[in-house]
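Notes to accompany the following structure.
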Amino acid sequence: MAQLQDESARTDLLNRLKRAEGQLRGIQRMIESGDACLDIASQMAAVRKALDSAYVRMTVCFMQQELRQKLGVSEAQEPELAHMLDDVQTLLGKVR
């Protein structure tokens, strides 16, 4: 299986996951302190959305990397590929 080779994409994904991790720790504290279930559920929904967003971003980065490599995308074609994959990311972000 291929690995993400773009360092900035990997950094972006790691930052997204670290934020989600912080949100999860916050939820644990909320449960421990006896916060309201609706407040906890709201925070859980936010974490789910953050993880879904990170997954979509990772998928699009993988697609971009593989398309570049397998199709031999030239530098001149790169903006067109990036635009198409931005659209794909937007579409995938709406699934749910």
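The values are calculated or read from the model by the stated rules, or taken from the named source; none is laboratory data. In this text the structure is predicted, and so the values were computed from the model without any measurement. As a convention, Cβ positions derive from the backbone with ideal geometry for all residues, glycine included, and neighbour counts pool all protein chains shown. Surface areas here come from the heavy atoms of the whole protein model, side chains and all, with no ligands, DNA or RNA. Shrake-Rupley method; radii C 1.70, N 1.55, O 1.52, S 1.80 Å.
Got a sec? Which of Q23, Q65 is at pLDDT below 95, in a helix (DSSP H, G or I) and over 14 Å from the mean Cα position of the chain (by Cα)? First the steps, then the outcome.
Values: Q23 fails: at pLDDT below 95.
The unique qualifying residue is Q65.
Could you please let me know if L24 is over 30 Å from Q65 (Cα atoms), open to solvent by 70 Å² or more (accessible area, probe 1.4 Å), of a type in the set (A, V, I, L, M, F, W, C) and in contact with a helix residue (DSSP H, G or I) (Cβ under 8 Å, 6 or more places away or on another chain)? Spell out the reasoning first.
On the way: over 30 Å from Q65 (Cα atoms): yes; open to solvent by 70 Å² or more (accessible area, probe 1.4 Å): yes; of a type in the set (A, V, I, L, M, F, W, C): yes; in contact with a helix residue (DSSP H, G or I) (Cβ under 8 Å, 6 or more places away or on another chain): yes.
So L24 fits the description; yes.
Take A54 and decide whether it is exposed (fewer than 15 other Cβ atoms within 10 Å of the Cβ) and part of a helix (DSSP H, G or I). Reasoning before the result, please.
Values: exposed (fewer than 15 other Cβ atoms within 10 Å of the Cβ): no; part of a helix (DSSP H, G or I): yes.
When the stated conditions are applied, A54 does not pass them.
Name every residue in region 1-20 that is open to solvent by 60 Å² or more (accessible area, probe 1.4 Å) and either within 16 Å of F62 (Cα to Cα) or not in a helix (DSSP H, G or I) (or both), in order of residue number. Walk me through how you get there before you give the answer.
Restricting attention to region 1-20, the residues satisfying the condition of being open to solvent by 60 Å² or more (accessible area, probe 1.4 Å) are 1, 3, 5-8, 10-11, 14-15, 17-19.
Across region 1-20, the qualifying residues are M1, Q3, Q5, D6, E7, S8, R10, T11, L14.
Across region 27-48, what is the total count of residues that are open to solvent by less than 80 Å² (accessible area, probe 1.4 Å) and in a helix (DSSP H, G or I)? Steps first, answer last, please.
Here is the first cut: in region 27-48, the ones open to solvent by less than 80 Å² (accessible area, probe 1.4 Å) are 27, 30, 34-36, 40-43, 45-47.
Among the residues that remain, those that are also in a helix (DSSP H, G or I) are: 27, 30, 40-43, 45-47.
Total meeting the criteria: 9.
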